[in-house]
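The values are calculated or read from the model by the stated rules, or taken from the named source; none is laboratory data. As the structure is a prediction and not an experimental result, all values here were calculated from the model. For neighbour counting, all protein chains shown are included, and Cβ atoms are generated from backbone atoms with ideal geometry for every residue, glycine included. Ligands, DNA and RNA are excluded from the accessible area calculation, which covers all protein heavy atoms including side chains. Shrake-Rupley method; radii C 1.70, N 1.55, O 1.52, S 1.80 Å.
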Amino acid sequence: NVLNEPDLDKLIKKLNEKSIISVDCETSSLNPMDAELVGISFCYDINEAYYIPVAHKNFKSLSKEFVIKKLKNILEDQSIKKVGQNIKYDYMIFKKYGVSIEPIEDTMLLSYTLDAGNNRHNMDTLSEIHLGHKTIAYKEIVGSGKKQLNFSDVNLEEATKYAAEDADVTLRLYNLLKDRVDSEKLGKIYEVFEKPMVKLLSKLEMNGIKIDDS
């Protein structure tokens, strides 16, 4: 995990050397409109994933504002692809903090392009199908029901394992699914029809739409 400025600078240096990285936000809510950023994970190579906590309650970390300011250039750098699993969520979270992620890739949409009706397209399912790996479930970390924790209450070790795994699995899935999309000649469907929906739906969800109720 990344808890101080020198470590953050080292990570940023590594991320800047890559053309494809994965990114994943951990937040206080599954609803992006209500969610506050709790931490950010990145992966730039297989087994090279890092978690930057910014708002956990049980230890002191770098401030959210400081981290976002430092990461803004990378997140908006046109030469570095940012991969997410359902990246619409992360796109909306960063938009709230004045950052517009560009360019983006989405493992969920790649999977949907390939296997629309064959299986579910959440990360746990895709990891088991394509990687033979059972991921740490969100409920294992925060619990459920009345005793469910906010992610900001999760201890650092558990949060880091969960968040770093998310970023690592996302990058692994991207490499595999993108190769399949290319080899099965489905790139145009993904690029023209599926991927543009991320920004379009984000805009609709964040701004709302006018309704003529007359």
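Values computed for the structure shown
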read-out: Evaluation of residue 82 against (1) more than 17 Å from residue 43 (Cα to Cα); (2) out of contact with any helix residue (DSSP H, G or I) (no Cβ under 6 Å at 6 or more places or on another chain) (one fails), failing number; value: (1)
read-out: Any hit, segment 100-121, residues being within 15 Å of residue 166 (Cα to Cα), β-branched (Val, Ile, Thr) and touching a Leu at 6+ places or on another chain (Cβ under 8 Å); value: yes
read-out: Cβ-Cβ under 7 Å pairs, at least 6 apart or on other chains, segment 22-47 side assigned to a loop (DSSP other than H, G, I, E, B), far side open to solvent by less than 60 Å² (accessible area, probe 1.4 Å) and of a type in the set (Phe, Trp, Tyr); value: 28/151; 32/89
read-out: Extreme residue, farthest from the chain's Cα centre (by Cα), among residues of segment 137-155 that are surrounded by 14 or more Cβ atoms within 10 Å (Cβ to Cβ) and either hydroxyl-bearing (Ser, Thr, Tyr) or more than 16 Å from residue 56 (Cα to Cα) (or both); value: 152
read-out: Subset tally (residues that are under 16 Å from residue 77 (Cβ atoms) and of a type in the set (Ser, Thr, Tyr)) for segment 1-45; value: 3
read-out: Single match in 101, 68 (criterion: touching a Phe, Trp or Tyr at 6+ places or on another chain (Cβ under 6 Å), at pLDDT 95 or above, part of a loop (DSSP other than H, G, I, E, B) and on the phi < 0 side of the Ramachandran plot); value: 101
read-out: Segment 71-92, residues that are polar (S, T, N, Q) and in a loop (DSSP other than H, G, I, E, B); value: 78, 79, 85, 86
read-out: Residues being open to solvent by 20 Å² or more (accessible area, probe 1.4 Å) and either acidic (Asp, Glu) or under 10 Å from residue 24 (Cα atoms) (or both) - total across segment 157-167; value: 3
read-out: Residue 95, sole failed condition from (1) without any contact (Cβ under 8 Å) to a residue 40 or more places away in the chain; (2) open to solvent by 70 Å² or more (accessible area, probe 1.4 Å); (3) in a helix (DSSP H, G or I); (4) not β-branched (Val, Ile, Thr); value: (1)
read-out: From the options 214, 183, residue that is farther than 15 Å from residue 26 by Cα and open to solvent by less than 90 Å² (accessible area, probe 1.4 Å); value: 183
read-out: Residue that is nearest to residue 174 (Cα to Cα) [pool: residues in segment 73-92 that are open to solvent by 20 Å² or more (accessible area, probe 1.4 Å) and under 15 Å from the mean Cα position of the chain (by Cα)]; value: 85
read-out: Some residue of segment 127-134 being under 19 Å from residue 164 (Cβ atoms), hydrophobic (A, V, I, L, M, F, W, C), more than 16 Å from the chain's Cα centre (by Cα) and outside any loop (DSSP other than H, G, I, E, B); value: yes
